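Engineer: Questions regarding the structure given below will be posed in turn.
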Amino acid sequence: MNLDVDISLKQGRFLLAAEFRCTDSAFGIFGPSGCGKTTLFRALAGLARPDGGHIILNGEPLFDADRHLFVPPHKREIGLVFQEARLFPHWSVEQNLRAGECLKHRVASRPYGFDDIVDLLNIQHLIGRSVELLSGGEKARIAMGRTLLAHPRLLLMDEPVAGLDVSLKRQILPFLAKVHEALKIPAILISHNLDQILQFTDRILLMRNGSVVGNNRLDQLVQDPETLQELKGAELTNLLKLRVRNHDKARGTTTLDLPDAPAELAIEMEWCPDFPPGQHIHIGVAANHIALATTKIEAISIRNQFPGRVKKIIHTPGRSICLLDTSFGTLFAEITPGTEQDMKLKAGAGVWILFKSHSIHSM
């Protein structure tokens with residue numbers, strides 16, 4: 001995806017003035033309520049016409065104020081996923097899904113079929129049901145399936161799990177990542193919850209008061225005091241892609257191999273047999289779940305201990321982040337100024353990095 005946006009849009013007393021470029025296949029738009037996330041969503045989708053600027057997707061202008069060009073929503077070939085499923089209540093699940101196939105010229109070039117989407121979303125058992133009998137999570141999957149069957153060139157998702165309970169969110173968010181990975185459809189996820197975005201992508205567009213104030217991967221955003229301050233209140237998570245080595249039910253652990261690291265430096269997480277040995281998985285370790293020590297600690301229940309070196313320490317009001325160089329990449333840990341002083345932490349200092357097995361969660 002190559003997306004070039006530079007727009008202004010005034011709605012009442014609110015002004016959206018968003019400028020950014022992105023070449024990643026997926027990114028998340030993050031910021032507090034009222035910062036302009038949904039207004040930007042509507043502008044990208046063609047549901048709101050900006051006052052000035054341009055929107056260019058993969059070299060094709062969707063909006064250009066200077067040329068008086070505005071491509072209407074139905075011609076943008078963008079799939080929209082809203083907070084509500086917006087299903088037709090008098091239709092069956094299959095009929096709702098088939099509604100996505102109404103534009104035959106787009107379906108003709110679709111590299112996947114109806115059954116492929118049904119299998120991908122695991123909704124075979126729902127096909128004949130009335131949508132009024134579905135749970136919130138099932139409705140969300142049907143809405144996603146309908147959008148995918150229209151063969152969009154870009155997915156725009158605005159708070160797609162808002163209003164669902166925790167268990168339903170845990171069902172839907174992995175499906176979003178699975179869909180993106182399997183179908184290679186570029187996607188944008190809007191949320192005020194950073195953890196939800198990180199289950200989908202680590203590329204973040206930060207917004208505040210109608211403007212874009214950051215555009216990078218999370219591990220880069222935390223290195224800048226200004227963008228780190230914009231993330232105040234959000235739980236910061238280290239993302240790692242690791243290979244499953246084995247499962248040990250008796251010990252209650254699953255062992256993961258670290259890239260380019262000796263075998264003895266493997267990571268242990270809580271037993272998770274859903275992933276077969278050899279499969280690569282994404283895991284997250286919250287920055288505030290990482291402890292630091294000056295030496296390796298033998299008599300302790302924390303199984304994951306790795307040597308590292310302090311790269312630098314970033315301070316903002318109310319939060320301090322310690323960047324750590326390791327043999328498998330850079331990690332960031334949340335510390336207090338007192339810890340920094342007591343441990344004499346500074347750039348180049350050697351440390352041991354510790355975190356518990358149950359601090360790891362699959363993304």
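The values are calculated or read from the model by the stated rules, or taken from the named source; none is laboratory data. None of the values given here were measured: they were computed from a predicted structure. As a convention, Cβ positions derive from the backbone with ideal geometry for all residues, glycine included, and neighbour counts pool all protein chains shown. With ligands, DNA and RNA removed, areas are computed over all heavy atoms of the protein, side chains included. Shrake-Rupley method; radii C 1.70, N 1.55, O 1.52, S 1.80 Å.
Engineer: Report, in degrees rounded to the nearest 10, the 0 to 90 angle that the Cα long axis of helix 166-183 makes with the longest principal axis of the chain.
Structural biologist: Rounded to the nearest ten degrees, it is 80.
Engineer: When a/c reaches 1.5 or more, the comparison of a/b and b/c decides; with that in mind, is the stretch 245-335 rounded, prolate or oblate per its Cα gyration tensor?
Structural biologist: Details: a/c = 1.94, a/b = 1.81, b/c = 1.07.
Prolate, since a/c reaches 1.5 and a/b exceeds b/c.
Engineer: Something else now. Just round it to a whole percent: the fraction of Cα-Cα distances in the chain exceeding 31 Å.
Structural biologist: Numbers: 28419 of 65703 pairs.
Summing the P(r) tail past 31 Å for the chain gives 43 percent.
Engineer: Between Ser33 and Val213, how many nm apart are label points set 7 Å from Cα along the C-beta direction?
Structural biologist: Rounded to a tenth, the inter-label distance reads 1.8 nm.
Engineer: Let me ask you something else. Gain in length, Ser167 to Leu47, computed as 0.36 nm per residue apart minus the alpha-carbon separation, to one decimal in nm?
Structural biologist: Taking Ser167 through Leu47 to full extension adds about 40.0 nm, to one decimal.
Engineer: Quote the FRET efficiency, to the nearest 0.05, computed for Arg309 versus Arg243 with a Förster distance R0 of 25 Å and r equal to the Cβ-Cβ distance. Numbers along the way, then the final one.
Structural biologist: Details: r = 25 Å, r/R0 = 0.98.
With R0 = 25 Å, the Cβ-Cβ based efficiency is 0.50.
Engineer: At most 10 other Cβ atoms within 10 Å and a DSSP loop assignment: could you name the trypsin sites (Lys or Arg not before Pro) in the stretch 236-279 that fit? Numbers along the way, then the final one.
Structural biologist: Numbers: sites: Lys241, Arg243, Arg245, Lys249, Arg251; in loops: Lys249, Arg251.
Within the stretch 236-279, the qualifying trypsin sites (Lys or Arg not before Pro) (loop, at most 10 other Cβ atoms within 10 Å) are Lys249.
Engineer: Ok, one more. Could you pull out every one of the aspartates and glutamates with an alpha carbon less than 15 Å from that of Lys311, ignoring same-chain neighbours closer than 8 positions?
Structural biologist: The reachable aspartates and glutamates, counting only those whose Cα sits under 15 Å from Lys311, are Asp219, Asp224, Asp325, Glu334, Glu340.
Engineer: With label points built 7 Å along Cα→Cβ from the Cα atoms of Gln11 and Asp325, find their separation and express it in nm.
Structural biologist: Using points 7 Å along Cα→Cβ, the separation is 4.6 nm.
Engineer: Here's a follow-up. Compute the relative contact order of the chain as a whole-number percentage, counting only Cα pairs closer than 8 Å that sit 6 or more residues apart in sequence. Write out the running numbers ahead of the final one.
Structural biologist: On the way: 731 pairs, mean separation 54.3, N = 363.
Dividing the mean separation by the residue count of the chain yields 15 percent.
Engineer: How long is the gain from Glu270 to Asp115 if the chain were fully straight, where each residue apart is worth 0.36 nm and the alpha carbon distance is subtracted? Could you put the intermediate results ahead of the total?
Structural biologist: On the way: separation 155, 0.36 × 155 = 55.80 nm, distance 3.46 nm.
Extending this stretch completely gives an extra 52.3 nm.
Engineer: I've got another one for you. Using only alpha carbons, build the gyration tensor for the stretch 70-191 and give me the equivalent ellipsoid semi-axes, biggest first, whole Å.
Structural biologist: Working: eigenvalues 84, 60, 40 Å².
Computed over the stretch 70-191, the values are 20, 17, 14 Å.
Engineer: I've got another one for you. Please calculate the 1.4 Å probe accessible area of Thr295, with all protein chains present, and give it to the nearest 10 Å².
Structural biologist: Probe radius 1.4 Å; accessible area of Thr295 about 80 Å².
Engineer: For the ranges 48-54, 147-153, what's the packing order if you count other beta-carbon atoms within 10 Å of each residue, average per peptide, and put the highest first? Don't skip to the end; give the middle numbers.
Structural biologist: Working: 48-54: 16.9, 147-153: 20.7.
The peptides rank, most packed first, as 147-153, 48-54.
Engineer: Sticking with this one: Mind checking the stretch 265-332 for trypsin sites (Lys or Arg not before Pro) that DSSP puts in a loop (not H, G, I, E or B) and that have at most 11 other Cβ atoms within 10 Å?
Structural biologist: On the way: sites: Lys296, Arg303, Arg309, Lys311, Lys312, Arg319; in loops: Lys296, Arg303.
Here the sparse-neighbourhood loop sites are Lys296.
Engineer: Hey, which aspartates and glutamates would be in cross-link range of Lys10, C-alpha to C-alpha under 14 Å, not counting anything within fewer than 8 residues on its own chain?
Structural biologist: Candidates past the 8-residue exclusion: Asp51.
Engineer: Anything over 32 Å Cα to Cα? Flag those among Lys184/Lys346; Lys169/Lys241; Lys37/Lys139; Lys249/Lys312, in the order listed. Please report the intermediate quantities before stating the final value.
Structural biologist: Details: Lys184/Lys346 42 Å; Lys169/Lys241 22 Å; Lys37/Lys139 24 Å; Lys249/Lys312 39 Å.
Table pairs above 32 Å Cα-Cα are Lys184/Lys346; Lys249/Lys312.
Engineer: Still on this structure, I have one more. Whole percent per 5 Å bin, from 0 to the bin with the longest distance: what is P(r) over all C-alpha pairs of the stretch 289-363?
Structural biologist: All Cα pairs, binned at 5 Å, distribute as 3, 15, 28, 25, 18, 9, 2, 0 percent.
Engineer: Let me ask another. On the protein heavy atoms, probe 1.4 angstrom, tell me the percent of accessible surface of the chain carried by carbon and sulfur. Intermediate results must be reported in sequence, preceding the final value.
Structural biologist: On the way: 8370 of 17110 Å².
Carbon with sulfur: 49 percent of the solvent-accessible area.
Engineer: Quick one: how many Å² of Ile127 are accessible to a 1.4 Å probe, rounded to 10?
Structural biologist: The accessible area of Ile127 comes to roughly 40 Å².
Engineer: For a quick protection proxy, order the peptides 208-218, 21-31 by their average other-Cβ count within 10 Å, most packed first.
Structural biologist: Values: 208-218: 18.2, 21-31: 19.9.
For the peptides 208-218, 21-31, the packing ranking is 21-31, 208-218.
Engineer: Once you have all Cα-Cα distances for the stretch 1-151, histogram them in 10 Å bins from zero and send the whole-percent values.
Structural biologist: Per 10 Å bin, starting at 0, the Cα pair percentages come out as 10, 33, 31, 21, 5, 0.
Engineer: Tell me the accessible surface of Glu60 in square angstrom (1.4 angstrom probe, heavy atoms of protein chains only), to the nearest ten.
Structural biologist: Solvent-accessible area, nearest 10 Å²: 70 Å².
Engineer: With a cut-off of at most 13 other beta carbons within 10 Å, and DSSP calling the residue loop, which trypsin sites (Lys or Arg not before Pro) in the stretch 69-107 qualify? Please list them. Please list the in-between numbers first.
Structural biologist: Working: sites: Lys75, Arg76, Arg86, Arg98, Lys104, Arg106; in loops: Arg76, Arg86.
Counting only loop positions with at most 13 other Cβ atoms within 10 Å, the trypsin sites (Lys or Arg not before Pro) in the stretch 69-107 are Arg86.
Engineer: Counting each DSSP H run of 4 or more residues in the chain as -39500 (n - 2.57), what helix-only mean residue ellipticity at 222 nm follows after dividing by all residues, to the nearest 500 deg cm²/dmol? Can you show the working numbers first?
Structural biologist: Numbers: 10 runs with 80 residues, N = 363.
Calculated from helices alone, the mean residue ellipticity at 222 nm is -6000 deg cm²/dmol.
Engineer: In nm, give the distance between the simple-model label positions of Ala108 and Ala250, each being 7 Å from the Cα along the Cα-to-Cβ direction.
Structural biologist: 6.3 nm
Engineer: Report, in debye and to the nearest 20, how large the dipole of the chain comes out about its Cα centre when Lys and Arg carry +1 and Asp and Glu carry -1 on their Cβ. Can you show the working numbers first?
Structural biologist: Details: 41 positive and 40 negative charges, 69 e Å.
Rounded to the nearest 20 debye, it is 340 debye.
Engineer: Another question about this same structure. Provide the gained length on full extension for the span Gln124 to Thr295, in nm with one decimal, where the gain is 0.36 nm per separating residue minus the Cα-Cα distance.
Structural biologist: Length difference between fully extended and current span is 56.2 nm.
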